[in-house]
Amino acid sequence: MNDPRILAVATATPRHVYTQQEVRAFAARLFSGLLSEAPRLLDVFDHAEIETRHLCVPIEWMEEPHSFAEKNARYVEEAVNLGSEVTRRVLERAHLDATDVDHVLFMSSTGISTPSIDALIANRIGFRGDTRRTPVWGLGCAGGAAGLSRARDFALADPDARVLVIALELCSLTFLISDMSKRNLVAASLFGDGAAAVIVGGSRVPARSRDTRALSLRASHSTLWKDTLDVMGWELEESGLRVVFSRSIPNIVVEHVPPSLNAFLASQGLTLADVRHIIAHPGGIKVLRAYMDALGLDAGALVHARNVLRAFGNMSSPSCLFVLERFLASGDIAEGDHGVVMALGPGFSSEYVLVRGEA
C-alpha cells in the first residue's frame, strides 16, 4: 500500500456559545425593518435544525459597526489562538511533536494575513525552520476537503512526510451590520466559527496512535462547474466581506453531484453502492436533504453531518472535518469500508476524497 493515511483528526471552537434562539433574537433586533415587511423570514432560524453555535466574539460585538481593518485584526488574533489550540490537540492525538511536522496547509476564507496565519502559528507552536507552508485562501466551504486532497498529493510525493492541514473560519467576523438583505439574514441563521486539523502521513510514516482506525486516502477529485461563479462567495466592500450564496445550491447538488461523483468512483473501479460512508459538509439542512435525494441515502447515512450542523452550524471549511472526526470516534468505518469526504464551495466547485478503513 502506497496510499497516505490520516494519522489523527482534532477540532476546536471559540469560547462564546449561543443557542439558536439567542441568535434569532439578535437577528430580530437588527433586521426589524426587513422583518416588518416580511416577518416570516425569521422562520429560517426555526427550520435550520441548528441548536447552538460558537463565536469568536460576544454577540454584542456584532451589533456595533466595525471597519474591515478592525474585523481583520480580530481575525488574526483569534485565528492564531484557535489555530494553535487545534494544532496542539491534533499533535497530541497523533503522538507527535511540532518538530515532526514537515508541511503545513492552512485553509481559510474569512480573513487575511501577511505573514500568513500558519507562519504566526509556527512561531507559537515551534515548527522546524525548514517546515514547508502552503496557505490557501478562497475555497470557502470546500476548503477542508480540498486541504485533505492536497495533503494527500504532498504525502504521495514524499512518503516520509507528515502533513498538517488546518481549516479555520471565523464567519462571525464577516457579518455586516449594514447589510439588511435576505441573504445576510439567512447567513446569520447558519454560520458559526471553528477549526479542524488533520495530520496525513506518507506511506513510510508509522502510525503512533491506535485510538481510532487508520484511514487511507485512496484518491481525490476536484470539479469546477462552468457559469456558476455567482452561486457562492464574497463581495468586498468598504466595511468588509459581503456574503454571496444562491438559493439554487440544493438544486445544484441534485443536478450536478451524482454525475461528477459517479464518474470519480468509476475511475477508481467503484460505484456508489460500494461506498458505505458519505462524510459530507453540512452546509445546511436543505443541502443535506438534497444529498439524500440525489444519492438515494437514508436518514441514518448523514447522522454525523446533521449532528455537527445541530451543534455548531455551518462553519465553512472545517465542517466536513468535524464530521470526519465523529465518524472516526464512532467506529462506524470498518476495515475495508470505503467512504467519501465531500464538500462544495465557491467556483462553484466540489471536492471529493476517497478514504478506506485500514486494519
Seminar exercise, completed: Descending accessible area (1.4 Å probe), largest on the left, turns 89, 204 into 204, 89
For this session: Quick one: check the C-alpha center-to-center distance for segment 192-271 versus segment 157-184, whole angstrom.
Result: 13
Problem set entry | For the chain, size of Cβ-based charge dipole, Lys and Arg +1, Asp and Glu -1, in debye | 500
For this session: Can you tell me the relative contact order of segment 221-278? Whole percent, Cα pairs under 8 Å, sequence separation 6 or more.
Result: 22
Problem set entry | Rel. contact order, % - alpha carbon contacts under 8 angstrom, at least six apart, the chain | 25
Exercise. Can you pull the accessible area of residue 22 for me, 1.4 Å probe, Å² to the nearest 10?
Worked result: 90
Exercise. Which ³J(HN,Hα) values in Hz, rounded to whole numbers, follow from the phi angles of segment 61-75 under the Karplus curve 6.51 cos²θ - 1.76 cosθ + 1.60, where θ = phi - 60° and Gly and Pro get x?
Worked result: 4, 6, 7, 10, x, 9, 6, 4, 4, 5, 4, 6, 4, 5, 4
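For segment 1-55, run through the trypsin sites (Lys or Arg not before Pro) and keep only the ones in DSSP coil with at most 14 other Cβ atoms within 10 Å of their Cβ.
For trypsin sites (Lys or Arg not before Pro) across segment 1-55 that sit outside H, G, I, E and B with at most 14 neighbouring Cβ atoms in 10 Å, the list reads 15.
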Exercise. How much accessible surface does residue 76 have with a 1.4 Å probe, in Å² rounded to 10?
Worked result: 40
For this session: Provide the gained length on full extension for the span residue 298 to residue 2, in nm with one decimal, where the gain is 0.36 nm per separating residue minus the Cα-Cα distance.
Result: 103.2 nm
Exercise. So what is the relative contact order of segment 156-205, in percent, for Cα pairs below 8 Å that sit 6 or more residues apart?
Worked result: 65
Exercise. If you take the square roots of the eigenvalues of the alpha-carbon gyration tensor of segment 77-206 and sort them as a ≥ b ≥ c, do you get rounded (a/c under 1.5), prolate (a/b over b/c) or oblate?
Worked result: prolate
For this session: Select from segment 220-297 those GluC sites (Glu not before Pro) which occupy a DSSP coil region and have at most 11 other Cβ atoms within 10 Å, ordered by residue number.
Result: 238
For this session: Calculate, for segment 1-153, the solvent-accessible area per residue in square angstrom, rolling a 1.4 angstrom probe over the heavy atoms of the protein chains.
Result: 44
Seminar exercise, completed: With a Förster distance of 25 angstrom and the Cβ-Cβ distance between residue 224 and residue 49, calculated FRET efficiency to the nearest 0.05 equals 0.25
For this session: Whenever you get a sec, compute what percent of the accessible area on segment 105-253 sits on carbon and sulfur atoms (1.4 Å probe).
Result: 52
For this session: Using a 1.4 Å probe and counting only protein heavy atoms, arrange 95, 277, 256 so the residue with the most accessible area comes first.
Result: 95, 256, 277
Exercise. Summing -39500 (n - 2.57) over the DSSP H runs of n ≥ 4 in the chain and dividing by its residue number, what mean residue ellipticity at 222 nm do you reach, to the nearest 500 deg cm²/dmol?
Worked result: -11500 deg cm²/dmol
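The values are calculated or read from the model by the stated rules, or taken from the named source; none is laboratory data. On a predicted model such as this, the values are computed, not experimentally measured, just so you know. Backbone-built Cβ (ideal geometry, glycine too); neighbour counts: all protein chains shown. Surface areas here come from the heavy atoms of the whole protein model, side chains and all, with no ligands, DNA or RNA. Shrake-Rupley method; radii C 1.70, N 1.55, O 1.52, S 1.80 Å.
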